[in-house]
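Report on the following structure.
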Amino acid sequence: MDVAAKTESSAARRRERGGRTARREQRTHPSQGLGRPYIVRNIPTYDVLSEENLVRIEETADRILEEIGIEFRDDPVAIEHWKRAGAKVDGVLVRFEKGLLRDILKTAPASFTQHARNPARSVEIGGRSVVFSPAYGSPFVMDLDRGRRYGTLEDFRNFVKLAQSSPWLHHSGGTICNKRHLDMVYSHIRFSDRGFMGSVTAESRAEDSIAMARIVFGEAFAEENCVILGNVNVNSPLVWDGTMTLALRAYARANQAAVIVPFILGGAMGPVTNAGAIAQSLAETMAGCALTQLERPGAPVIFGNFLSSMSLRSGAPTFGTPEPAIGSMVVGQLARRLNLPLRCSGNFTTSKLPDAHAMNEGTMSMLAAVHCGANFILHSAGFLDGLLSMSYEKFVMDADFCGALHTYLDGVKVDDNQLALDAFREVGPGHHFFGCAHTMANYETAFWDSGIADNESFEKWEAAGATDAAARANKRWKQALAEYEAPPLDEAMDEALQDFIARRKAAMEDAWY
């Protein structure tokens, strides 16, 4: 090779190295990357119970519904719905004959699209799709610099920005429960172009959230398509209160998706035994899902689940423990038998720090979520302190783990390139694959590349400051916020949203929360 050719070859290698550096920078600095709008799983779900045992759980749920019943409090319209549907109503107590709820649920779609204001960010919910959404509803926030404190609107916006910046999350998440629901829904719209959730703490707040979504998507489009979710909880055991059913019906009435979620703390809001808690969860969730169909047949709905445990020594809630994790696997089987999209598990922990305790429990519950077949995984990032605190560092660590789950859920591909027979021919016995043609052709995409892990030698790690994962995450979230760029928002749409917010705030009385 002559000197000119060598020079050109060297320059080409430098350009390639520069390109690789840029691409790695994009992988490890998520604000620069769009990522996938959602995951399509290429591994099967994991079924843990036999047909016989699934039937026993379903029969127990049917007996709870028929013999004990569920109370629907402070919502006369819901009671009238049940009367017309043929349920047995005694005041606020409603009992259901076997099969009634399953018949009603036949109108619910098995999957649906939640549209985002950026169409490239729209998500499919149901079937083989998996959507990761941040944690939701914590009153406190936490970081390594300032410790634990009450969350502010600025913190809320920061987490929206961090979710928007991550290529491993697919959804903007929801709102915290206070009067500032208008500001928080606006923050989702202004600082993210992904799908989002609205308020559920009052019927009026649900309607405000839906009205703001209609401003973004247009009345006609929102009437025919899902553009917002509302996450509603059962007052376990066996009570649906009016606050939740009024919000649930508001979303269904507008053809928007309610996520129906019992929160069963074993030993407090349900039995300590796993099978009994699962049967209770099935009964409560079917009733809530069916109510959406009585309000508007065909409205999208998500079958939700939040099994948890408690310390029977102290009475304190525990999260990320093995019993709810394996229970989630069974709930997945039950939801598939109803042909409904599933929300299950999340990155749960009772740890007070973003430490090994937190990641052990979070990994337990997240793996249960992906193996049980969950389609919408709320609490995928940031959950700490039993959901009382949203952690900046854990958010980044969890999002990084979600990136690993993208690869895990892709499964193992088998084709000529993956089987690498040519590489064996080139390398032969006793030699290494490090520089062979197959490795050079595949090394950029062969392995998932963590943005948090330190894979250097001990000596390099020590010389660089000997930081742990939490300290690296602290640096990473600050960098992500510094590099954040807001997605474009139409000026007229923004003005319409701000005008709506101003008018609604003017019509509200001030209140303390």
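Taken together, the residues in region 345-369 that are among the aliphatic types (A, V, I, L, M), surrounded by 24 or more Cβ atoms within 10 Å (Cβ to Cβ) and closer than 17 Å to residue 132 by Cα amount to 3.
When region 436-473 is filtered for residues that are among the basic types (Lys, Arg) and either more than 33 Å from the chain's Cα centre (by Cα) or closer than 30 Å to residue 426 by Cβ (or both), only 460 remains. Would you be able to say whether some residue in region 221-229 is within 20 Å of the chain's Cα centre (by Cα), crowded, with 24+ Cβ neighbours inside 10 Å, part of a loop (DSSP other than H, G, I, E, B) and of a type in the set (A, V, I, L, M)? Yes, that holds for at least one residue.
So, in region 352-377, exactly how many residues are in contact with a Leu (Cβ under 8 Å, 6 or more places away or on another chain) and aliphatic (A, V, I, L, M)? Qualifying residue count, region 352-377: 5. Examine region 48-59 for a residue that is of a type outside the set (Asp, Glu), open to solvent by less than 70 Å² (accessible area, probe 1.4 Å) and in a strand (DSSP E or B), and state whether such a residue exists. No, that holds for no residue. For region 239-252, state whether one or more residues are assigned to a loop (DSSP other than H, G, I, E, B), surrounded by fewer than 20 Cβ atoms within 10 Å (Cβ to Cβ) and more than 23 Å from the chain's Cα centre (by Cα). Yes, there is a match, as at least one residue in region 239-252 is assigned to a loop (DSSP other than H, G, I, E, B), surrounded by fewer than 20 Cβ atoms within 10 Å (Cβ to Cβ) and more than 23 Å from the chain's Cα centre (by Cα).
Can you name every residue in region 63-72 that is assigned to a helix (DSSP H, G or I) and either in contact (Cβ under 8 Å) with a residue 40 or more places away in the chain or within 22 Å of the chain's Cα centre (by Cα) (or both)?
Within region 63-72, 64, 65, 68 meet the criteria.
Restricting attention to region 130-179, the residues being free of Cβ contacts under 8 Å to residues at least 40 places away in the same chain and part of a strand (DSSP E or B) number 3.
Put simply, of 217, 156 the only residue that is more than 18 Å from the chain's Cα centre (by Cα) and either surrounded by fewer than 24 Cβ atoms within 10 Å (Cβ to Cβ) or modelled with pLDDT under 95 (or both) is 217.
Whether any residue in region 350-369 is β-branched (Val, Ile, Thr), on the phi < 0 side of the Ramachandran plot, in a loop (DSSP other than H, G, I, E, B) and out of contact with any helix residue (DSSP H, G or I) (no Cβ under 8 Å at 6 or more places or on another chain) is what I want to check. Within region 350-369, not a single residue is β-branched (Val, Ile, Thr), on the phi < 0 side of the Ramachandran plot, in a loop (DSSP other than H, G, I, E, B) and out of contact with any helix residue (DSSP H, G or I) (no Cβ under 8 Å at 6 or more places or on another chain).
Take residue 385 and decide whether it is touching a residue at least 12 places away in the same chain (Cβ under 8 Å), farther than 22 Å from residue 196 by Cβ, of a type in the set (Asp, Glu) and open to solvent by less than 30 Å² (accessible area, probe 1.4 Å). Reasoning before the result, please.
Values: touching a residue at least 12 places away in the same chain (Cβ under 8 Å): yes; farther than 22 Å from residue 196 by Cβ: yes; of a type in the set (Asp, Glu): yes; open to solvent by less than 30 Å² (accessible area, probe 1.4 Å): yes.
Considered against the rule, which asks whether it is touching a residue at least 12 places away in the same chain (Cβ under 8 Å), farther than 22 Å from residue 196 by Cβ, of a type in the set (Asp, Glu) and open to solvent by less than 30 Å² (accessible area, probe 1.4 Å), residue 385 comes out as yes.
How many of the residues in region 208-264 are among the hydroxyl-bearing types (Ser, Thr, Tyr) and more than 29 Å from residue 328 (Cβ to Cβ)? Count: 0. Against the condition of a type in the set (S, T, N, Q), under 18 Å from the mean Cα position of the chain (by Cα) and open to solvent by 50 Å² or more (accessible area, probe 1.4 Å), how does residue 111 come out, does it pass? Yes.
The single condition among (1) assigned to a loop (DSSP other than H, G, I, E, B); (2) of a type in the set (Lys, Arg); (3) under 27 Å from residue 87 (Cβ atoms) that residue 313 does not meet is (3).
Scanning for something of a type outside the set (A, V, I, L, M, F, W, C), surrounded by fewer than 19 Cβ atoms within 10 Å (Cβ to Cβ) and part of a helix (DSSP H, G or I), does region 86-101 turn up at least one residue? No, the conditions are met nowhere in region 86-101. Within region 436-450, residues that are without any contact (Cβ under 8 Å) to a residue 24 or more places away in the chain sit with their Cβ atoms under 8 Å from residues that are of a type in the set (A, V, I, L, M, F, W, C) and open to solvent by 80 Å² or more (accessible area, probe 1.4 Å), at 6+ positions apart or across chains, in these pairs: 439/433. The numbered conditions (1) of a type outside the set (A, V, I, L, M, F, W, C); (2) under 30 Å from residue 146 (Cα atoms); (3) touching a Phe, Trp or Tyr at 6+ places or on another chain (Cβ under 8 Å) are all true for residue 439 except (2). Residues in region 300-315 that are buried (at least 24 other Cβ atoms within 10 Å of the Cβ) and not hydroxyl-bearing (Ser, Thr, Tyr): 300, 301, 302, 303, 304, 305, 306, 307.
The values are calculated or read from the model by the stated rules, or taken from the named source; none is laboratory data. All values derive from a computational prediction rather than experimental measurement. Here the Cβ is made from the backbone with ideal geometry for all residues, glycine too, and neighbour counts use every protein chain on show. With ligands, DNA and RNA removed, areas are computed over all heavy atoms of the protein, side chains included. Shrake-Rupley method; radii C 1.70, N 1.55, O 1.52, S 1.80 Å.
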